[in-house]
């Protein structure tokens, strides 16, 4: 194996980026960071020393990616650069220029743009699950909407106007009408809101069809489908539906990291969405000793062997900054199979696993909770 290194574009999906920096330190993988600018949280971490370039503008272009890659390759004398597939926007940009990047000896752990978009676009993946006999929430026409809450979802990541929207929960007809004001309704669809437990299935899919899978149960989420605040590693992936999702990914030819969010209601699993990229609570990968980052690193030539790790279910994940942000904005949080009494009972154990209250990022912790 030649001298390979990881290029990380920071400034978005911060908790996942920090987690991969920690992983790289553990595994002695060279990594180099391109920051978004002075406001980037990475400057408040120990990984400021790994910053090699500060972007001059927020929007990324393929020219920026090539410039930064060549800059790092020349400075560090690297044979191959692996870009961390950390955000949806970045991943789609890389896939759009897949051949050009390969010609420049730049990899990013994904391939097949059409497969990626099939899984990432919410409507198309829902249809794929439906034809494979996996439950999805019922779809509802806007004019027939009477039973609230409902979830408004974009059909694709980029719509025809090149706009990006996140899913949003609407609680009544007034909120629904307000949401669609000045929007093109054909870019969206409505689904019933599924109550119940919230689970993530976490995968790494290898090119040969083998895979590694784990799970986490989510207990507290930011308002209106924001980031997860509290979760715990689980054994839910022992359920046969985890293998059914994996079969779908393998059959369509996907490879790489991917997370599937499901709800469990009346003992039925419902697929909510899939994210073929790093996910916010990635610190749980390290704390619960999942091998997902190891699989990514091995598959992309960053480490030479996989080592056995003892998986640790019932390991907490906590992001206090997400809770503080909600409280400061006077917004309610969403609980799943959990409540404030459970939070108080487990508070000491939960707080020990706060994602930023650690030696390398304590300044971020203080900044987010000031």
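The values are calculated or read from the model by the stated rules, or taken from the named source; none is laboratory data. Because the structure is predicted, anything quoted here is derived from the model rather than measured. Every residue, glycine as well, gets a Cβ built from its backbone with ideal geometry; the counts of neighbours run over all protein chains shown.
Go through the stretch 255-268 and give me each residue that's surrounded by fewer than 23 Cβ atoms within 10 Å (Cβ to Cβ) and either over 13 Å from residue 16 (Cβ atoms) or without any contact (Cβ under 8 Å) to a residue 40 or more places away in the chain (or both).
255, 261, 263, 264, 265, 266, 267, 268
Taking residue 33 as the residue in question, decide whether it is within 21 Å of residue 281 (Cα to Cα), touching a residue at least 12 places away in the same chain (Cβ under 8 Å) and either part of a strand (DSSP E or B) or assigned by TED's automatic domain parsing to the domain that holds residue 280 (or both). Lay out the reasoning, then the answer.
Working: within 21 Å of residue 281 (Cα to Cα): yes; touching a residue at least 12 places away in the same chain (Cβ under 8 Å): yes; either part of a strand (DSSP E or B) or assigned by TED's automatic domain parsing to the domain that holds residue 280 (or both): yes.
So residue 33 passes the test.
Can you pull out the strands (runs of 3 or more DSSP E) entirely within the stretch 162-217 that have at least 2 residues that are buried (at least 21 other Cβ atoms within 10 Å of the Cβ) and within 21 Å of the chain's Cα centre (by Cα)? Break it down into steps so the answer makes sense when it comes.
Details: elements: 168-170, 188-192, 197-205.
Result: 197-205.
Taking only the stretch 131-171 into account, find how many residues are on the phi > 0 side of the Ramachandran plot and at pLDDT below 95. It would help to see each step written out before you state the result.
So in the stretch 131-171, the residues on the phi > 0 side of the Ramachandran plot come out as 133, 162.
Filter once more, so that each one left must be at pLDDT below 95: 162.
Residues meeting the conditions: 1.
For residue 211, indicate whether it is in the same structural domain as residue 319 (by TED's automatic domain parsing) and in contact with a helix residue (DSSP H, G or I) (Cβ under 7 Å, 6 or more places away or on another chain). First the steps, then the outcome.
On the way: in the same structural domain as residue 319 (by TED's automatic domain parsing): yes; in contact with a helix residue (DSSP H, G or I) (Cβ under 7 Å, 6 or more places away or on another chain): yes.
Against the criterion (in the same structural domain as residue 319 (by TED's automatic domain parsing) and in contact with a helix residue (DSSP H, G or I) (Cβ under 7 Å, 6 or more places away or on another chain)), residue 211 qualifies.
Given the condition modelled with pLDDT of 95 or more, surrounded by fewer than 18 Cβ atoms within 10 Å (Cβ to Cβ), more than 29 Å from residue 245 (Cα to Cα) and out of contact with any helix residue (DSSP H, G or I) (no Cβ under 6 Å at 6 or more places or on another chain), answer yes or no: does some residue in the stretch 93-100 qualify?
Yes.
Take the residues in the stretch 67-91 that are in a helix (DSSP H, G or I) and closer than 23 Å to residue 162 by Cα, then tell me which one is nearest to the chain's Cα centre (by Cα).
If we filter the stretch 67-91 for residues that are in a helix (DSSP H, G or I), which is where we start, we get 67-76, 88-91.
If we keep only those that are closer than 23 Å to residue 162 by Cα as well, we get 88-91.
Details: 88: 8, 89: 12, 90: 12, 91: 12 Å.
Among residues in the stretch 67-91 that are in a helix (DSSP H, G or I) and closer than 23 Å to residue 162 by Cα, the one nearest to the chain's Cα centre (by Cα) is 88.
With respect to residue 105, is the statement that it is touching a residue at least 12 places away in the same chain (Cβ under 8 Å), over 23 Å from the mean Cα position of the chain (by Cα), surrounded by 13 or more Cβ atoms within 10 Å (Cβ to Cβ) and outside the structural domain of residue 294 (by TED's automatic domain parsing) true?
On the way: touching a residue at least 12 places away in the same chain (Cβ under 8 Å): yes; over 23 Å from the mean Cα position of the chain (by Cα): yes; surrounded by 13 or more Cβ atoms within 10 Å (Cβ to Cβ): yes; outside the structural domain of residue 294 (by TED's automatic domain parsing): yes.
In short, yes.
What's the number of the only condition in (1) touching a strand residue (DSSP E or B) at 6+ places or on another chain (Cβ under 9 Å); (2) in contact (Cβ under 8 Å) with a residue 40 or more places away in the chain; (3) assigned to a helix (DSSP H, G or I); (4) within 29 Å of residue 19 (Cα to Cα) that residue 111 fails to meet?
So residue 111 meets the others, but not (3).
Among the residues that make up the stretch 144-157, is at least one of them in a helix (DSSP H, G or I) and surrounded by fewer than 20 Cβ atoms within 10 Å (Cβ to Cβ)? Walk me through how you get there before you give the answer.
Of all residues in the stretch 144-157, those in a helix (DSSP H, G or I) come to 144.
Okay, now just the ones that are also surrounded by fewer than 20 Cβ atoms within 10 Å (Cβ to Cβ), so 144.
There is at least one residue in the stretch 144-157 that is in a helix (DSSP H, G or I) and surrounded by fewer than 20 Cβ atoms within 10 Å (Cβ to Cβ).
Taking residue 86 and the conditions (1) more than 14 Å from residue 278 (Cβ to Cβ); (2) in contact with a strand residue (DSSP E or B) (Cβ under 7 Å, 6 or more places away or on another chain); (3) surrounded by 21 or more Cβ atoms within 10 Å (Cβ to Cβ), which numbered condition does it fall short on, given that it satisfies the others?
(1)
Table: residues versus (1) buried (at least 17 other Cβ atoms within 10 Å of the Cβ); (2) within 26 Å of residue 202 (Cβ to Cβ); (3) under 18 Å from the mean Cα position of the chain (by Cα); (4) modelled with pLDDT of 95 or more.
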site: 8; (1), (2), (3), (4): yes, yes, yes, yes
site: 15; (1), (2), (3), (4): yes, yes, yes, yes
site: 22; (1), (2), (3), (4): yes, yes, yes, yes
site: 28; (1), (2), (3), (4): no, yes, no, yes
site: 59; (1), (2), (3), (4): no, no, no, no
